[in-house]
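Quick notes on the structure that follows.
The values are calculated or read from the model by the stated rules, or taken from the named source; none is laboratory data. Just so we're clear, the structure is a prediction, and the values are computed from it rather than from any experiment. Methodologically, a virtual Cβ is constructed for each residue, glycine included, from the backbone with ideal geometry; neighbour enumeration extends over all protein chains shown.
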Amino acid sequence: MKKLITAIALTVFMAGSAFANSCPMHVKAIDEALATSTASEDVKAQAQALRDEGQALHEAGNHAESMAKLQEAEQLLGIGM
């Protein structure tokens, strides 16, 4: 039983680390897409707001919510990683 709990804890910890490392890559991709996008200004503004919120969540250590916001921004811009 102890091994199972340890394995679950390590899996959760490693998943959090994976999210933490990928947030900056998504922010960079969104920044590049915003610079070249032909989307409307409203769509760009929404994507920028989601990107900013995602970065703030990343900096606060909430990587799962950060990724959700960043993925919303990517969808608006028609990109995906």
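Have a look at Leu77, Leu57 and point out the one that is over 15 Å from Cys23 (Cα atoms) and of a type outside the set (Phe, Trp, Tyr). Give the derivation first.
Details: Leu57 fails: over 15 Å from Cys23 (Cα atoms).
None of the other options fit; the residue is Leu77.
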Fill in the blank from the handout: Selection over region 68-81 where residues are touching an Asp or Glu at 6+ places or on another chain (Cβ under 8 Å) and part of a helix (DSSP H, G or I) yields a count of 1
Fill in the blank from the handout: Of the residues in region 45-67, those that are surrounded by fewer than 18 Cβ atoms within 10 Å (Cβ to Cβ), in a helix (DSSP H, G or I) and in contact with a Ser or Thr (Cβ under 9 Å, 6 or more places away or on another chain) come to Glu53, Ala56, Glu59
Exercise for the section: Among the residues of region 19-44, count how many are more than 18 Å from Leu76 (Cα to Cα) and loosely packed, with under 12 Cβ neighbours inside 10 Å. Expected result: 1
Practice task
Go through region 1-43 and give me each residue that's at pLDDT 70 or above, in a helix (DSSP H, G or I), out of contact with any helix residue (DSSP H, G or I) (no Cβ under 6 Å at 6 or more places or on another chain) and of a type outside the set (A, V, I, L, M, F, W, C).
Solution key: Ser22, Pro24, Lys28, Asp31, Glu32, Thr36, Glu41, Asp42
